[in-house]
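Undergrad: Quick one: this structure, given as C-alpha cells, is what I'll be asking you about.
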Amino acid sequence: MYGGLPYGGIEVICGPMFSGKSEELIRRLRLSIIARQRVQIFKPSIDDRYADDEVVSHSDLRLAAHPLSNSDQLLPRLRNRTAVVGLDETQFFDEGIVEVVESLANRGLRVIVAGLDLDYRGRPFHPMPAIMALAETVQKNQAVCMVCGAGASRSQRLAGYSGSQVEVGSSERYEARCRRHFEPEEELQLSFLRTRDSILKVPTKLPSPAVKPPSD
Ligand code: ADP
Ligand code: MG
C-alpha cells in the first residue's frame with residue numbers, strides 16, 4: 001500500500017545542503033518503521049562523510065543504510081518483503097538509478113529519494129532532474145542563507161577548486177546561500193584572478209611598444 005493506495009510511487013525531497021533533506025527522509029522512514037512496514041535504505045558509497053553504513057543528518061539523526069558503488073547493485077539487494085525504499089545523496093548515483101527507482105515504484109514500492117537538486121555551480125545535478133520529473137511528489141526544502149538569513153536554495157563552496165561536480169564535503173567546505181548571495185565557482189575564480197592581478201600589478205593589456213622617434 002502506498003499512501004493508502006494499492007500501488008507504489010516516487011517522493012523526492014530536494015534542496016541545497018543543510019536544508020534538512022536527510023532529516024526529512026529519516027522522519028518519513030521512521031514513521032514507516034513504526035507502522036511495521038519493511039524499509040530498506042541505500043546510499044552511494046562515494047558519500048562516506050560520517051558513516052559508511054548509515055544515513056546521517058547534520059543534526060546527527062541516523063538510520064542504517066546499504067552503501068552501493070553502482071545503481072546495478074540495488075535490485076539484487078532488495079528483500080522480498082520490502083515495501084519502502086529510501087535513497088539519500090541520490091545526486092551521487094549514476095544515471096542508471098532513474099530506471100531502478102521507476103521500476104521499484106512500478107512494482108508497488110514507495111520510493112523516497114533525497115538529494116541535491118543543484119550542484120555548487122548552481123546547475124541541475126543529474127540524475128535528480130529526471131527523478132523529479134517522474135515523481136508523484138517533489139518537496140523543495142530551503143536552508144537559511146549564511147549571509148542574510150533569507151531562504152537558501154543554493155550550496156556555496158567556500159574554498160578550493162577541483163573542477164569536479166562530485167565533491168563530498170560538509171560545513172567546512174560549503175554553506176547555504178540564497179540566490180542573491182550565491183557566487184558560482186566561475187565568478188569566484190574570476191574575482192580571485194582579478195584581485196591577484198591587481199596586487200601583482202599584472203597589466204590587463206600589453207603596453208603599446210614605445211614609439212621610436214624617426215631617425216633622419
Ligand atoms: P541536508 O541533508 O539537506 O544537507 P540535514 O538534514 O543533514 O540537511 O541537516 C539539516 C540541519 O542542518 C538543520 O536541522 C540544522 O541543524 C543544520 N544546519 C546547519 N547549517 C544550516 C543552515 N544554514 N540552514 C539550515 N540548517 C542548517
Ligand atoms: Mg543530507
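Undergrad: Return the pairs, sorted by first residue and then second, in which the second residue is hydrophobic (A, V, I, L, M, F, W, C) and surrounded by fewer than 19 Cβ atoms within 10 Å (Cβ to Cβ), the first residue lies in the range 86-109 and is more than 15 Å from ILE10 (Cα to Cα), the beta carbons are less than 7 Å apart, and the residues are 6+ apart or on different chains.
TA: PHE92/ILE46; PHE92/VAL166
Undergrad: State whether one or more residues within the range 95-107 are hydroxyl-bearing (Ser, Thr, Tyr) and closer than 25 Å to ASP52 by Cα.
TA: No: the range 95-107 contains no residue that is hydroxyl-bearing (Ser, Thr, Tyr) and closer than 25 Å to ASP52 by Cα.
Undergrad: Same structure, new question: Does the range 11-24 hold any residues that are buried (at least 24 other Cβ atoms within 10 Å of the Cβ) and more than 8 Å from ligand 2 (Cβ to nearest atom), and which are they?
TA: Correct list: VAL12, ILE13, CYS14, GLY15, PRO16, SER19.
Undergrad: Scan VAL113, VAL56 and give me the residue that is within 17 Å of GLY9 (Cα to Cα) and surrounded by 13 or more Cβ atoms within 10 Å (Cβ to Cβ).
TA: Of VAL113, VAL56, the one residue that is within 17 Å of GLY9 (Cα to Cα) and surrounded by 13 or more Cβ atoms within 10 Å (Cβ to Cβ) is VAL113.
Undergrad: Let me ask another. For the range 126-140, check the following and say yes or no: at least one residue is of a type in the set (Gly, Ala, Ser), touching a residue at least 24 places away in the same chain (Cβ under 8 Å) and away from ligand 1 (no atom under 16 Å from the Cβ).
TA: yes
Undergrad: Quick one: which residue in ALA114, ALA105 is over 14 Å from the mean Cα position of the chain (by Cα) and either within 19 Å of SER45 (Cβ to Cβ) or of a type in the set (A, V, I, L, M, F, W, C) (or both)?
TA: ALA105
Undergrad: Also, quick follow-up: Looking at LEU63, LEU74, LEU68, LEU29 in this structure, which one is over 17 Å from the mean Cα position of the chain (by Cα), away from ligand 1 (no atom under 13 Å from the Cβ) and in contact (Cβ under 8 Å) with a residue 12 or more places away in the chain?
TA: LEU74
Undergrad: Right, next: Scan the range 132-147 for residues that are within 16 Å of ligand 2 (Cβ to nearest atom) and hydrophobic (A, V, I, L, M, F, W, C) and report the count.
TA: As a first pass, look at the range 132-147 and keep what is within 16 Å of ligand 2 (Cβ to nearest atom): 139-144.
Filter once more, so that each one left must be hydrophobic (A, V, I, L, M, F, W, C): 143-144.
Going through the range 132-147 one residue at a time, the tally reaches 2.
Undergrad: Only one residue in VAL84, VAL113 is more than 16 Å from ligand 2 (Cβ to nearest atom) and of a type in the set (Val, Ile, Thr). Which one? Write out each step before concluding.
TA: Values: VAL113 fails: more than 16 Å from ligand 2 (Cβ to nearest atom).
Sole residue among the options that is more than 16 Å from ligand 2 (Cβ to nearest atom) and of a type in the set (Val, Ile, Thr): VAL84.
Undergrad: Now a separate question. Across the range 75-94, what is the total count of residues that are buried (at least 24 other Cβ atoms within 10 Å of the Cβ) and among the aromatic types (Phe, Trp, Tyr)?
TA: Qualifying residue count for the region: 1.
Undergrad: Being within 16 Å of ligand 2 (Cβ to nearest atom) and at pLDDT 95 or above is true for just one of ARG27, ARG123, ARG36. Which residue is that? Write out each step before concluding.
TA: Values: ARG123 fails: within 16 Å of ligand 2 (Cβ to nearest atom); ARG36 fails: within 16 Å of ligand 2 (Cβ to nearest atom).
The match here is ARG27.
Undergrad: Could you count how many residues in the range 97-135 are among the aliphatic types (A, V, I, L, M) and out of contact with any Asp or Glu (no Cβ under 9 Å at 6 or more places or on another chain)?
TA: Step one: filter the range 97-135 for residues among the aliphatic types (A, V, I, L, M), giving 97-98, 100-101, 104-105, 109, 111-114, 116, 118, 128, 130-135.
When the remaining residues are screened for being out of contact with any Asp or Glu (no Cβ under 9 Å at 6 or more places or on another chain), the result is 97-98, 101, 104, 109, 118, 133.
Summing the residues that are among the aliphatic types (A, V, I, L, M) and out of contact with any Asp or Glu (no Cβ under 9 Å at 6 or more places or on another chain) in the range 97-135 gives 7.
Undergrad: Just the residues that are within 12 Å of ligand 1 (Cβ to nearest atom) and more than 19 Å from GLY96 (Cα to Cα), please, taken from the range 32-53.
TA: Matches in the range 32-53: ARG49, TYR50.
The values are calculated or read from the model by the stated rules, or taken from the named source; none is laboratory data. Note that this is a predicted model, so its numbers are computed, not measured. Cβ coordinates were reconstructed from backbone atoms using ideal geometry, including for glycine residues, and neighbour counts include every protein chain displayed.
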